[in-house]
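Asks: The structure follows.
The values are calculated or read from the model by the stated rules, or taken from the named source; none is laboratory data. Just so we're clear, the structure is a prediction, and the values are computed from it rather than from any experiment. Cβ atoms come from the backbone with ideal geometry, glycine included; neighbour counts cover every protein chain shown.
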Amino acid sequence: MSSLPPTKSEIRQWNFDSLTEQGNEWGRGAGAVTTEYGTINQQLADSPGFWRGGAGDAMRVKSEEAKTSLSKVVTAFENAQPAVAQIVHLLGFAKTSAVNAIKTAEEERYSVAEDGAVSYSSDVVSWLAAEKGNSLEVAKAALDQGQRQHEDAIKKALREAGDAATSAGEAIVKVFADVPIPLGADLEMILNTYQVNPDQQKMTKWPSEELISWVNRFKPGSDIAQKDVTVSEAEMLNNLSLMDQYKFYQISDDASETAERLFPDKNVDNQEDGNFQDNHADAFRHAYWNARLTEEFGPEWTEEYTTKHEGREDNRMGREAMDLYNNELGRKIATENPGIGSAALQNKIIESWNNGDGVVIDQNGNLARPKMTTLGYEPPTELIDQQQSLPGSMIPDNKPSPK
């Protein structure tokens, strides 16, 4: 699995001290949990002598369940410490390779951009010609060759560093895959794991002028509004045919209009308030949008695109977790129910909410299940705006083809 590579500045700032300490903490945790496991085991062995009957039997069943959970925690902690040591080694090697490739190019008077692109100035041409006693043409030819070689080496090293970081995250998840999530901790888990790193390429406008002109040729007067998107989003969209780009635009519009129709936002006087963020309308929009995109473009393309969509630098942790989770829910529903159509997809999303799935942000700014919140509540937008952004997984960059 590929991901967007780190930038020049990011790779230079990679530091593994906190990761190493986390591995050590897991190692210490294994010892502490092992002690607790032994205590429960001894109490369980002694209990028939002083606690008999139905209540005692029920307690022993629960204790056996606790022993099983603790055993899985111990195994995960014990495996995590050496896994982290291996990860730190691999990430350190990836960082060194990239940093050295950048340093070599800069020492030869090339300029290296944040994305690894290499260039040189006219002053360097003159300097090299004078240094080697060559003509400007010969000097430029030599610099062009070096430019290509350095850029290839740097971009390769940055890509490999990004892939190493993605593999590291997957390895940690695998270590803890069998650890049971405590009752009530699922939303905290969603908040901390459904995060993605910001897109360092920043923002741009989409649709392109080309698409707007193309649509207006066969639908004169079409009001195609441009929106802020990440550069990575725009690249994926612009790689689609113009017809597919327009389908994408229509699906996005339909998702917003359907969400606002099904979950109108009204203030205390029952007047339209126009806030469709962080609430049921927002949660439905993301799930339905992903379901429709999955039907049209496939789950792989949709997952990569909508993950890149969340790579905005100003995305706050609650919103990002909520959106990424609901995106996944929509893709899952569409994948499990192929070809059922728009109306049925809408019903499936509502059905999943009634069964306790989906995520919104409640009146206190915390993640909550739609089923457990009241329709029409006013989410605390200002409070959510003040939340921090959490580090997350690398942005995927597998470049999947739409189906």
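Asks: Restricting segment 106-127 to residues that are within 33 Å of the chain's Cα centre (by Cα) and under 11 Å from L143 (Cβ atoms), which is surrounded by the most Cβ atoms within 10 Å (Cβ to Cβ)?
Replies: V118
Asks: Quick check on segment 272-323: of everything there that is of a type in the set (F, W, Y) and modelled with pLDDT of 95 or more, which residue is farthest from A255 (Cα to Cα)? Outline the logic, then answer.
Replies: Restricting attention to segment 272-323, the residues satisfying the condition of being of a type in the set (F, W, Y) are 276, 284, 288-289, 297, 301, 305.
If we keep only those that are modelled with pLDDT of 95 or more as well, we get 284, 288-289, 297, 301, 305.
Working: F284: 8, Y288: 6, W289: 5, F297: 15, W301: 18, Y305: 16 Å.
Checking each candidate, the answer is W301.
Asks: Now, a different point. Return the pairs, sorted by first residue and then second, in which the second residue is basic (K, R) and outside any helix (DSSP H, G or I), the first residue lies in segment 227-239 and is in the same structural domain as G298 (by TED's automatic domain parsing), the beta carbons are less than 7 Å apart, and the residues are 6+ apart or on different chains.
Replies: From segment 227-239, the pairs are D228/K205; T230/R312; V231/K202.
Asks: Sticking with this one: Can you name every residue in segment 88-141 that is of a type in the set (A, V, I, L, M), touching a residue at least 60 places away in the same chain (Cβ under 8 Å) and part of a helix (DSSP H, G or I)?
Replies: Step one: filter segment 88-141 for residues of a type in the set (A, V, I, L, M), giving 88, 90-91, 94, 98-99, 101-102, 105, 112-113, 117-118, 124-125, 128-130, 136, 138-139, 141.
In the following step, the residues that additionally are touching a residue at least 60 places away in the same chain (Cβ under 8 Å) were identified as 88, 90-91, 94, 98-99, 102, 112-113.
Once the filter is applied, which keeps residues that are of a type in the set (A, V, I, L, M), touching a residue at least 60 places away in the same chain (Cβ under 8 Å) and part of a helix (DSSP H, G or I), segment 88-141 yields V88, L90, L91, A94, A98, V99, I102.
Asks: What are the residues in segment 329-349 that are assigned to a helix (DSSP H, G or I), surrounded by fewer than 19 Cβ atoms within 10 Å (Cβ to Cβ) and either not polar (S, T, N, Q) or not assigned by TED's automatic domain parsing to the domain that holds R292 (or both), if any?
Replies: Answer for segment 329-349, where residues must be assigned to a helix (DSSP H, G or I), surrounded by fewer than 19 Cβ atoms within 10 Å (Cβ to Cβ) and either not polar (S, T, N, Q) or not assigned by TED's automatic domain parsing to the domain that holds R292 (or both): K332, E336, A343, A344.
Asks: Considering only segment 142-197, how many residues are buried (at least 18 other Cβ atoms within 10 Å of the Cβ) and among the charged types (D, E, K, R)?
Replies: Total satisfying the criteria: 2.
Asks: Right, another one. Which one is surrounded by the fewest Cβ atoms within 10 Å (Cβ to Cβ), of the residues in segment 205-224 that are of a type in the set (A, V, I, L, M, F, W, C) and either outside any helix (DSSP H, G or I) or in contact with a Pro (Cβ under 7 Å, 6 or more places away or on another chain) (or both)?
Replies: My answer is I224.
Asks: Continuing with this model, one more query. Residues of segment 383-392 being at pLDDT 85 or above and either more than 8 Å from R316 (Cα to Cα) or not in a helix (DSSP H, G or I) (or both), which ones?
Replies: Once the filter is applied, which keeps residues that are at pLDDT 85 or above and either more than 8 Å from R316 (Cα to Cα) or not in a helix (DSSP H, G or I) (or both), segment 383-392 yields L383, Q386, Q387.
Asks: Right, next: Hey, does segment 43-53 have a residue that's at pLDDT below 90, on the phi > 0 side of the Ramachandran plot and either part of a helix (DSSP H, G or I) or surrounded by 14 or more Cβ atoms within 10 Å (Cβ to Cβ) (or both)?
Replies: yes
Asks: Another question about this same structure. Looking at segment 111-157, which of its residues are over 14 Å from K8 (Cα atoms) and hydroxyl-bearing (S, T, Y)?
Replies: The answer is S119, Y120, S121, S122, S126, S135.
Asks: Scan segment 357-394 for residues that are in contact with a His (Cβ under 9 Å, 6 or more places away or on another chain) and either under 18 Å from Q195 (Cα atoms) or surrounded by 17 or more Cβ atoms within 10 Å (Cβ to Cβ) (or both) and jot them down.
Replies: First, the residues of segment 357-394 that are in contact with a His (Cβ under 9 Å, 6 or more places away or on another chain): 358, 360, 370, 373, 375-377.
Selection gives G358, V360, P370, T373.
Asks: Right, next: Are there any pairs, at least 6 apart or on different chains, whose C-beta atoms fall under 9 Å, with the first in segment 164-188 and among the basic types (K, R) and the second assigned to a helix (DSSP H, G or I), and if so, which?
Replies: Within 9 Å, the pairs are K174/A83.
Asks: So, one more: Do you know which of the residues in segment 227-255 that are within 24 Å of the chain's Cα centre (by Cα) and part of a loop (DSSP other than H, G, I, E, B) is surrounded by the fewest Cβ atoms within 10 Å (Cβ to Cβ)?
Replies: The residue in question is N239.
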